[in-house]
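Note sheet for the following structure.
Every number in this text was worked out from the coordinates using simple rules, so none of it is lab data. Values in this document were obtained by computation on a predicted structure and should not be read as measured data. Glycine gets a Cβ as well: all are built from the backbone with ideal geometry, and neighbour counts include every protein chain shown.
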Amino acid sequence: MTEVIDRRAGRVLLVDLSGRVLLLHGGDPARPGTGWWFTPGGGLDRGETTLDAAVRELFEEVGLRADPADLGEPVRSEVTEFSYGGRAYRQEQDFYLFRVPGWQVDTTGMDEEEQLTITGHRWWSAAEIEASREEIFPRDLAALLRPLTGDVTEGS
């Protein structure tokens with residue numbers, strides 16, 4: 001039986017004035033050719049809360065320093081299961097909303113693993129997420145974004 005690693009994570013819905021969310025693109029080095037889009041964030045370091053991790057990862061992955069007070073309370077908490085690096089994970093994660101006028105991504109703060117696995121970034125609207133055939137996580141991200149961004153249009 002495969003051992004499942006339990007972990008906690010903090011993630012950020014980084015949303016610009018147009019209501020678009022910044023997603024990172026990456027994959028699993030253990031599965032060449034795979035790739036998906038995901039929100040900035042990651043697992044907790046020792047002693048961190050999910051908010052601490054979200055703030056730290058936001059700076060590491062996109063170069064944006066945030067005051068934890070600006071992220072407030074989680075807008076969503078969920079449990080997800082996935083495999084990465086040949087290992088199975090069960091991850092409890094909290095998503096925080098952080099609004100910015102815009103942001104030019106700076107990846108110089110990425111650690112070695114992030115540099116190997118994160119290959120790109122892009123701002124997405126809810127409609128673009130719904131229309132895409134690419135893997136995007138969380139899977140219901142467009143529905144999650146709509147009430148947070150004031151976008152009341154229905155998906156296609």
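Kindly list, by first and then second residue, each pair from a residue in the stretch 60-88 that is free of Cβ contacts under 8 Å to residues at least 40 places away in the same chain to a residue that is among the charged types (D, E, K, R) and not in a helix (DSSP H, G or I), limited to pairs with Cβ atoms under 8 Å and residues at least 6 apart or on different chains.
From the stretch 60-88, the pairs are 74/94; 77/92; 77/94; 79/90; 79/92.
With respect to the numbered conditions (1) surrounded by fewer than 19 Cβ atoms within 10 Å (Cβ to Cβ); (2) within 23 Å of residue 125 (Cβ to Cβ); (3) hydroxyl-bearing (Ser, Thr, Tyr), which one is the sole condition not fulfilled by residue 39?
(1) is the only condition that residue 39 fails.
Any idea which of (1) surrounded by fewer than 16 Cβ atoms within 10 Å (Cβ to Cβ); (2) in contact (Cβ under 8 Å) with a residue 40 or more places away in the chain is the one residue 115 doesn't satisfy?
Here residue 115 meets the rest and fails (2).
Name the pairs whose Cβ atoms lie under 8 Å apart, with the first residue in the stretch 12-38 and without any contact (Cβ under 8 Å) to a residue 60 or more places away in the chain, the second surrounded by fewer than 23 Cβ atoms within 10 Å (Cβ to Cβ) and charged (D, E, K, R), and 6 or more positions between them or separate chains?
34/28
Looking only at the stretch 130-142, which residues are of a type outside the set (Gly, Ala, Ser), free of Cβ contacts under 8 Å to residues at least 24 places away in the same chain and either closer than 18 Å to residue 19 by Cβ or surrounded by 12 or more Cβ atoms within 10 Å (Cβ to Cβ) (or both)?
Narrowing the stretch 130-142 to residues of a type outside the set (Gly, Ala, Ser): 130, 133-141.
Filter again for free of Cβ contacts under 8 Å to residues at least 24 places away in the same chain, leaving 133, 139-140.
The one that is of a type outside the set (Gly, Ala, Ser), free of Cβ contacts under 8 Å to residues at least 24 places away in the same chain and either closer than 18 Å to residue 19 by Cβ or surrounded by 12 or more Cβ atoms within 10 Å (Cβ to Cβ) (or both): 140.
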